[in-house]
Amino acid sequence: MPLVMLRKDSEGRLICYVPKKDLEARVTALEHDGEELWGGRLTLEDGESWYLEPISPRPGLPFEARVKRI
Amino acid sequence: MSALTRAEAEGLIQEVLEVYPEAAKQDRARHLAVNDHALERSKKCITANRKSLPGVMTARGCAYAGSKGVVWGPIKDMIHVSHGPVGCGQYSRAGRRNYYVGFTGVNTFGTMNFTSDFQEKDVVFGGDKKLAKVLAEIEALFPVNKGISVQSECPIGLIGDDIEAVARKSSAEIGKPVIPVRCEGFRGVSQSLGHHIANDSIRDWVLEGVTRGESGPYDVAIIGDYNIGGDAWSSRILLEEMGLNVVAQWSGDGTLAELKRTPQVRMNLLHCYRSMNYISRHMETKYGIPWLEYNFFGPTKIAESLRQIASHFDDHIKEGAERVIARYQPLVDAINDKYRPRLNGKRVMLYVGGLRPRHVVGAYEDLGMEVVGAGYEFGHNDDYDRTLKELGDATLLYDDVTGYEMEKFVERIRPDLIGAGIKEKYGFQKMGIPFRQMHSWDYSGPYHGYDGYAIFARDMDMTVNNPCWQKLRAPWKKGA
Amino acid sequence: MNQTATAIKPCYPLFQEESYRRLLQNKAERFEEKPDPAELEQRFQWTTSAEYKDLNFRREALTINPAKACQPLGAVLCALGFKGTLPYVHGSQGCVAYFRSYFNRHFKEPIACVSDSMTEDSAVFGGNKNMHEGLANANALYQPEMIAVSTTCMAEVIGDDLHAFITNARTNGHIPEHLPVASAHTPSFVGSHTTGWDSMMEGTLRYLTINEMDSKEVGSNGKLNIVTGFETYLGNYRVLKRMLGEMGVDCCMVSDPEEVLDTPTDGEYRMYAGGTPLAALRDAPNAIDTLLLQPWSLAKTKKFIGETWHHPLTPVDPPMGLDWTDAFLMKVSQLTGRPIPASLEKERGRLVDMMADSHAWLHGRKFSLYGDPDFLMGMVKFLLELGAEPIHVLCHNASKRWGKAMGKMLKDSPYGQETEVHVDRDLWHFRSLMFDRKPDFMIGNSYGKYIQRDTLHKGPEHEVPLIRIGFPIFDRHHLHRSTTLGYEGAMYLLTELVNAVLADLDRKTMGYGTTDYNYDLIR
């Protein structure tokens, strides 16, 4: 259950930062991306997928959360 | 000689690895690579931020160096105690050229060395009582200090001292912050963890309880500029000229008041990502302050950075950025006209800490020079991620390079200039390779900003083109 | 615009420009919460007062601006003086980065030294594995003739057993059977850099000779061993060899780094150069005697050579200045039966000639000095010979017994009657002393420059200029190549001192139309 930080980069893209791995990767797909429900399966640009317990309503960014490897 | 081809560079790496015992060879192979523009992620080609192999002559330092030497040390109105034996504080005293102005010994303490000078009895019986006394004595002799940080040396963490308790108690007694920092030298694999620990201690002991302040529209902070040779000043002058209000410098020429004031800014401007991304991310999470990486080495990157910074502000700032760029353009042209003919096509190898191997590439290119090899002493993969695109395809990459490897690479590549540290300097000069220290600016600087670029150009020229390099062989041996 | 392409300004004078002055002032006033300048000035004056000095000297726990470093630094210098030897420090790697850069800055030379990079897990499990891998890697990469292992405080605190680790490394095949690996425990919380030099010397001599003593006979090789102790003036190694050479005395300089710390720039980097051959070290017990030139800093070496080699260890003072060089040469002559040649007598005469020529500028001049114990003994002795008056002698890394001996030497001279001796005090104490009783000059390493600045800030009449003699000297070039021992060394010291006096007088009398007197062409 690594701790990650989700933030927007300067071009407004959603970025997932995994401090333990010094990894900053673009989120290429997010299962739930609505105002009411946000989270679920996260796919990163390198193909890795993580699961974030969906949150309601959508949180403000940046946002720190624990995620599960899928 | 032109740069190596990919095949030559890969061959060179294999050749250099030959000498290692098997296990060490496998380890080092992961840290040596040839740049590939096709790659998005550095981890596909290079491993970083791992333990150095024993016995190979790494240039790396320790967590204490990263905390006391880099992050905390420059905060000028606090006293930083080297807690433990006498050596660490002595070797790191006043060597980093993180300039400040102040009454040293009265309200600023940057070039001094405060230590608890551990003796055997302190190791055997514990050093907490001594520390408490040290803190009290500091307060008596230097009453204008704004606070004290306790920089742990190796023994502290091994003998089970409770410096946090001592710090809390002393802090209550003297009514000033006393900050325990667990930066024992054996923690982590390099200076890098020391940066992180120092960032965390600022988060927990300085920013704790500080709320988001009233923000002026143009308030920014300079983060990760240690004012080496005055770098932060030659950066600040540009930011102010474009209309921004710089309320804090982290940590070169910095003060405790500035650190505490930072949560009021609109944006954190981050120069050294490696050593201060942690606190920037923290302020982003806690206060919602965005941060932006910028690069003030060389006119191309400076202009790019000024515009990028300005893009987050209103037209007043955007016009300010353009005005600054236009104002300095004649200077840039004059510098380039003067120095490019002398430096054009010269090849550079770099081996620096955690930022400059990528950040100075543009400045060299502005002078017509080419970086043919680069490596970080303590970079992580996110640093290499940021590096791949800055460097030419097939450039040699070396992480935590050993003395042996670097010598072999240089023997083969024979660059026209090497930019690295003092431990590398004299050996390469003996080999006849012009060398500039790229940590301390070789006692020159600043190199940041337009004023700094002029000095950078002058320095590279004087070193590359000094007549001494033509005198290596005795004239009676020339025919041989 | 602060720069032009034709006149590029570095930090100074760049930051003198009006725009930067405004920038700094603005930063201080608006953001730093800096105290009022008048208050700061008042506080500064307080730090120069007698009241502050008393407070300062009551310190018990806090050390400020020490005048010493830690043991492994000395061990590394000692190891660099053996032929083909790689200094190896067992413990945290940051220490080695510090030792190397500290010596780099002083000698302006590359320093080869490895660490075995112990980390948190080694703190738990011990550093055996690090030692095994470290020795194997170091040997493969740098092919030393010998590895000299010392320790950082981390390894000492967790109690690593060097001897066992090295033996295991050999038994398990991590290093070749016949590769010598000397070792010494060098905890940084005991003693100082001079102790570390002594420990490494003792450890190396013990390792190379202890099991071969049966075949040894004192005096059988006809040589004299010289042990300098922690010595950073390269000229000193050279002058000792020259003097003994002129006497026809065969000597073994036990640890001799003058080559490896002074290699040429000719296109080749030499990691190893010169140094005492290991064969010479193994043969050293066969010498007539061993002379320890830093008697206050070589306790362990002395004990070992006395007990194991059975050398007489004829006591000598550091051969600094006139008398002690005389005494040294006479001892050497007495031990070897070789007369002191005319060449050295002439050199002596030249030194006396210089002393006579310059005495009027040095007699009665007041000097305060700090540094290592044996350096101070020799330097004070020479000052007294010149008729100069030591005002303060401060040593951070000497014993009380040293303090008494220093006190006695001073009391025995008419020029040492007013001298204060301070033992186990640091340079913040020394600063207070400079305000308390002002000397004409201070003598010490580069760290004294901050004290000079402080004394000048109090007012030009309070300024105590620094004469740089000692270690480290970071802010002047090439002084480490000089000589401070022997007649030649005394000539260098005298030249430095007298010209400092003359330059200072020039500085004070060059006021145009104000102090034209004493600003002389001829002196």
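Before moving on, here are some points about what is shown:
- Computed log10 I(q)/I(0) for region B:78-182 at 0.12 Å⁻¹: -0.38, from the Debye equation with unit scatterers placed on every C-alpha and solvent omitted.
- Seen against the Cα atoms of chain B and their longest principal axis, helix B:6-17 is set at about 60 degrees.
- Of every Cα-Cα pair in region C:115-192, the percent that sits beyond 14 Å: 59
- When each of B:Lys260/B:Lys318; B:Lys25/C:Lys108; B:Lys425/B:Lys471; C:Lys331/C:Lys400 is checked by Cα-Cα distance, pairs over 20 Å: B:Lys260/B:Lys318; B:Lys25/C:Lys108; C:Lys331/C:Lys400
- Overall shape of region B:289-340 was characterised from the C-alpha gyration tensor. The equivalent ellipsoid obtained from it has semi-axes of 24, 14, 5 Å, in decreasing order.
- Residues whose placed amide H lies under 5 Å from that of C:Ile226, excluding near-sequence neighbours: C:Cys252, C:Met253, C:Val254, C:Leu291
- The value obtained for chain B, namely the Cα convex hull volume divided by the number of residues, is 164 Å³ per residue.
- Hz values of 3J(HN,Hα) by residue in region B:135-151 - Karplus curve (6.51, -1.76, 1.60), Gly and Pro given as x: 5, 5, 5, 4, 5, 5, 8, 10, x, 8, 4, 9, x, 10, 10, 9, 9
- When B:Arg60, B:Arg307 are compared by accessible area of protein heavy atoms, the largest-first order is B:Arg307, B:Arg60, using a 1.4 Å probe.
- Alpha-carbon spread of chain A, three principal axes, descending order, Å: 30, 28, 19
- Working note: Debye formula, equal point scatterers on the alpha-carbon atoms of region C:272-405, no solvent; log10 I(q)/I(0) at q = 0.21, 0.22 Å⁻¹ is -1.27, -1.30.
- Dipole magnitude of chain C, debye to nearest 20 (Cβ charges: Lys/Arg +1, Asp/Glu -1, about Cα centre): 420
- Equivalent ellipsoid semi-axes - Cα gyration tensor, region C:25-162, angstrom: 43, 18, 17
- The translational diffusion coefficient of region B:346-465, from Stokes-Einstein at 25 °C and 0.890 mPa s with a Kirkwood hydrodynamic radius over alpha carbon pairs, comes to 173 µm²/s.
- Size descriptor for region B:228-353, Kirkwood hydrodynamic radius: 16.2 Å (Cα pairs only, one decimal).
- Taking Cα centre as origin and charging only the Cβ of basic (Lys, Arg, +1) and acidic (Asp, Glu, -1) residues, the dipole magnitude of chain B rounds to 900 debye.
- Degrees separating the helix C:234-246 axis from the principal Cα axis of chain C, which is the longest one: 60
- Among C:2-8, B:348-354, the order from most to least packed when residues are scored by Cβ within 10 Å on average: B:348-354, C:2-8
- Between 0 and 90°, nearest 10: helix B:449-464 axis offset from chain B longest Cα axis: 50
- Annotation: Cα Rg of chain C relative to the compact-globule expectation 2.2 N^0.38 Å equals 1.07.
- Dividing the summed helix terms, -39500 (n - 2.57) for each DSSP H run of n ≥ 4, by the number of residues in the protein assembly as shown produces a 222 nm estimate of -13000 deg cm²/dmol to the nearest 500.
- Built amide H within the under 5 Å cut-off of B:Gly230, gap 5+: B:Tyr99
- By the equivalent-ellipsoid construction on the alpha carbon gyration tensor, the protein assembly as shown comes out with semi-axes of 49, 35, 29 Å, ordered largest to smallest.
- Computed log10 I(q)/I(0) for region C:150-305 at 0.10 Å⁻¹: -0.42, from the Debye equation with unit scatterers placed on every C-alpha and solvent omitted.
- Region B:375-383 - phi-based ³J(HN,Hα) in whole Hz, Karplus 6.51/-1.76/1.60, Gly and Pro as x: x, 10, 6, 9, x, 10, 5, 5, 6
- Cα-Cα P(r), region B:1-130, percent of pairs per 10 Å interval: 10, 25, 21, 20, 17, 6, 0
The values are calculated or read from the model by the stated rules, or taken from the named source; none is laboratory data. All figures in this text were calculated on a predicted structure; none of them were measured in a lab. We place every Cβ from the backbone using ideal geometry, glycine too, and count neighbours over all the protein chains shown. Surface areas here come from the heavy atoms of the whole protein model, side chains and all, with no ligands, DNA or RNA. Shrake-Rupley method; radii C 1.70, N 1.55, O 1.52, S 1.80 Å.
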